[in-house]
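Presented below is the structure to which this report refers.
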Amino acid sequence: MAKFHVYGPFPVPFYRGRGSRTVTPDDAKEFWRKHPEFASRRGCYVFGIQAGKGLKPGYVGMATRSFKGEVFQPHKLTQYQQFFADYDGATPIMFFLAVPRQKGAPKRSQIRDLERFLIEVGVAANSGLINKRGTKSAGWGIVGVLRGGTGRPSKAAQHFRKLMGIGAAPL
């Protein structure tokens, strides 16, 4: 079983124009100059924004060959721009989920499964996630646990979350 580790959030450089902001190919080069240790790694990534102490996912992707070959492709930059344009004053960020180097590379099927899971969780955190596939709402929720609306969870929901390891990292 592949055990993915989370790396980030890493600020993504961006161009600030008079009327808008965007992530350019030159910004992508600058990002890889600052984070070369992830360029050849494989796994999943999440592009998002940070505003104050808040974080919001915008796009979930997978890289079965390398992060550098996938993360900042022109069609991805277009999608990031679509998301980033709606959040004035926010900083774009990137998270990587990868197996540690000494553990080898994950299988494509494991990366695909992780991407599906992250998209499902990402849609729960941001219904405006810009992924094209896998974003259809599940059509169900568990009040106080997952997709159940806002408000304080009941004691039963809190205990169930603990039982199932939802919302907290297991020891």
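The values are calculated or read from the model by the stated rules, or taken from the named source; none is laboratory data. The structure presented is a predicted model; accordingly, all values stated were derived computationally and were not measured. Quick reminder, even Gly has a Cβ in these numbers, built from the backbone with ideal geometry, and neighbours come from all protein chains shown.
Mind listing whichever residues of segment 64-109 are outside any loop (DSSP other than H, G, I, E, B), out of contact with any strand residue (DSSP E or B) (no Cβ under 9 Å at 6 or more places or on another chain), at pLDDT 90 or above and surrounded by fewer than 17 Cβ atoms within 10 Å (Cβ to Cβ)?
Correct list: P74, H75, T78, S109.
From the list L118, L146, which residue is over 30 Å from G19 (Cβ atoms), at pLDDT 85 or above and of a type outside the set (S, T, N, Q)?
L118
How many residues are touching a residue at least 60 places away in the same chain (Cβ under 8 Å) and over 12 Å from P92 (Cβ atoms) when one looks only at segment 19-54?
Number satisfying all stated conditions: 6.
Pick from A51, A63, A28, A85: which is of a type outside the set (D, E) and closer than 18 Å to H5 by Cβ?
Answer to the selection: A63.
State all residues of segment 12-29 that are loosely packed, with under 14 Cβ neighbours inside 10 Å and out of contact with any Leu (no Cβ under 8 Å at 6 or more places or on another chain); if no residue qualifies, say none.
Residues satisfying the conditions are Y15, R16, G17, R18, G19, S20, D26, K29.
Please verify whether P57 is closer than 23 Å to E115 by Cα and either surrounded by fewer than 12 Cβ atoms within 10 Å (Cβ to Cβ) or in contact (Cβ under 8 Å) with a residue 60 or more places away in the chain (or both), treating the condition exactly as stated.
When the stated conditions are applied, P57 passes them.
Can we say A39 is in the same structural domain as R112 (by TED's automatic domain parsing) and under 20 Å from P106 (Cα atoms)?
Yes.
Among (1) surrounded by fewer than 17 Cβ atoms within 10 Å (Cβ to Cβ); (2) at pLDDT 90 or above, which single condition is R42 missing?
Of (1) surrounded by fewer than 17 Cβ atoms within 10 Å (Cβ to Cβ); (2) at pLDDT 90 or above, only one is false for R42: (1).
Scan (1) over 15 Å from the mean Cα position of the chain (by Cα); (2) closer than 28 Å to S109 by Cβ; (3) of a type in the set (A, V, I, L, M) for the single condition I93 breaks and write down its number.
(1)
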